[in-house]
């Protein structure tokens with residue numbers, strides 16, 4: 001299960017070319033591929049401000065599911081562009097598809113460490129921002145690493161409560177069937193077979209067929225974790241929050257299902273003496289935080305700007321300032 005695995009829209013040879021090409025101007029956006037723990041290649045875009053570094057940086061983790069071409073460039077997002085204008089380098093990252101918890105978290109660890117290794121970046125001034133599934137990964141990354149600050153927009157926070165019951169019911173049909181799992185997610189082939197075909201040029205990675213993100217994730221959990229609830233807890237911020245030592249800002253809309261769990265995590269962190277802030281935005285649902293949902297007149301809700309200011313002030317304080 002630890003063989004090489006390309007999860008993206010390009011092959012391994014492109015990755016090699018990216019690594020060996022001449023350095024670009026700092027004003028350009030660079031596409032890179034970060035190698036994860038098992039040989040998987042994670043796509044990312046890095047945008048570095050002009051001028052002398054090393055620069056503070058923010059790693060952005062998108063929501064939804066990974067590895068299906070939904071990741072935008074760092075220069076295409078409203079919040080990302082705003083932070084770039086504030087003087088931060090911006091690192092927009094992807095993660096593998098439907099491998100909830102352990103493997104996608106390892107992808108984020110690899111991306112975070114890669115960003116800190118870049119000579120243009122100040123490794124002591126790296127923050128992380130994510131929304132929804134990306135907010136979940138942001139919090140879980142902070143249980144493994146210690147970014148200068150983390151911001152979770154409506155991050156998933158009760159994995160046991162949402163997934164365990166259904167996954168446990170599915171477990172007898174898929175638990176331990178790793179050949180099923182590999183062939184389901186890798187063009188009907190095992191990881192090794194897929195990797196060999198990609199390297200030889202006989203296979204171009206394509207979008208994968210899906211029964212739906214929730215169903216895919218649940219079946220994947222069932223195949224790996226079965227009915228062992230302790231494994232689900234291992235990748236659940238509700239149970240792992242005490243490992244978060246970075247300053248954490250949790251933003252959420254008042255109409256969002258994740259607000260209660262997010263507030264609970266913040267309150268529990270405060271009891272431990274950690275820096276933690278909770279910001280709830282009235283009449284907002286899930287997903288208002290990226291600025292991509294204007295009204296019929298083309299205007300964004302005022303609460304988006306309130307959330308953006310909260311985020312900006314938080315990152316200025318904990319990331320941009322010299323330690």
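Can you give me the ranges of the helices (runs of 4 or more DSSP H) entirely in region 225-323 with at least 1 residues that are buried (at least 22 other Cβ atoms within 10 Å of the Cβ) and either at positive phi or modelled with pLDDT of 95 or more (or both)?
Numbers: elements: 229-234, 237-240, 259-271, 302-315.
It comes to 237-240, 259-271, 302-315.
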TODO: Please work out if residue 155 is outside any loop (DSSP other than H, G, I, E, B), at pLDDT 90 or above and either surrounded by fewer than 22 Cβ atoms within 10 Å (Cβ to Cβ) or under 21 Å from the mean Cα position of the chain (by Cα) (or both).
DONE: no
Task: Cross-chain or 6+ apart pairs with Cβ under 7 Å, region 76-104 first and free of Cβ contacts under 8 Å to residues at least 40 places away in the same chain, then surrounded by fewer than 20 Cβ atoms within 10 Å (Cβ to Cβ) - done: 81/75; 84/49
Task: Any chance residue 304 is under 15 Å from residue 153 (Cα atoms) and free of Cβ contacts under 8 Å to residues at least 24 places away in the same chain - done: yes
TODO: Would you check if residue 64 is under 16 Å from residue 217 (Cα atoms) and under 14 Å from the mean Cα position of the chain (by Cα)?
DONE: yes
Open item on the list: Would you confirm, using the coordinates I've provided, whether residue 113 is in a helix (DSSP H, G or I) and modelled with pLDDT of 95 or more?
Closed with: yes
Open item on the list: Residue under question is residue 39, and the condition is that it be modelled with pLDDT of 60 or more, surrounded by fewer than 16 Cβ atoms within 10 Å (Cβ to Cβ) and under 26 Å from residue 320 (Cα atoms); does it hold?
Closed with: no
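Is it the case, given these coordinates, that residue 110 is on the phi < 0 side of the Ramachandran plot and surrounded by 24 or more Cβ atoms within 10 Å (Cβ to Cβ)?
Details: on the phi < 0 side of the Ramachandran plot: yes; surrounded by 24 or more Cβ atoms within 10 Å (Cβ to Cβ): no.
No, not satisfied.
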TODO: Can you give me the number of residues within region 81-104 that are part of a helix (DSSP H, G or I), modelled with pLDDT of 95 or more and crowded, with 21+ Cβ neighbours inside 10 Å?
DONE: 1
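The values are calculated or read from the model by the stated rules, or taken from the named source; none is laboratory data. Remember, it's a predicted structure, so these values are computed and weren't measured experimentally. Using ideal geometry, Cβ is built from the backbone for each residue, glycine included, and neighbour counts are taken over all protein chains shown.
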